[in-house]
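The numbers here are math on the coordinates, done by the rules we state, and not lab data. Quantities reported herein were computed from a predicted structural model and do not represent experimental measurements.
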Amino acid sequence: MTTLQMTVADMACSACVDTITRAVQGLDPAASVQADPQTKQVQVDSTADEAAIKAAIAAAGYSVA
Ligand SMILES: [Cu+2]
């Protein structure tokens, strides 16, 4: 299990959080996602590859750094 901390600057509301959570859990159903639209920080605990998680979030329409 790896903990990743990312910045998703265009995450603006709880619907964005839901979209991002679903995108990550589509990759790894066991992933834990904590996302805060205020700070733009997303923390993911997952066994999935970092690049794959970032790609899934990007595919959902968000820019991830
Ligand atoms: Cu939103």
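In order along segment 21-31, phi translates into HN-Hα couplings of 4, 5, 4, 5, 6, x, 8, 9, x, 8, 5 Hz, rounded to whole numbers, per the Karplus curve 6.51 cos²θ - 1.76 cosθ + 1.60 with θ = phi - 60° and x for Gly and Pro.
Find the relative contact order for the chain and round it to a whole percent, using C-alpha pairs within less than 8 Å whose residues are 6+ positions apart. The normalised contact order for the chain reaches 46 percent. Here the gap between THR2 and ALA52, fully extended at 0.36 nm per residue and compared with their Cα-Cα distance, gives a gain of 16.7 nm.
Can you pull the percent of Cα pairs in the chain with separation above 21 Å?
On the way: 168 of 2080 pairs.
Cα-Cα pairs in the chain separated by more than 21 Å: 8 percent.
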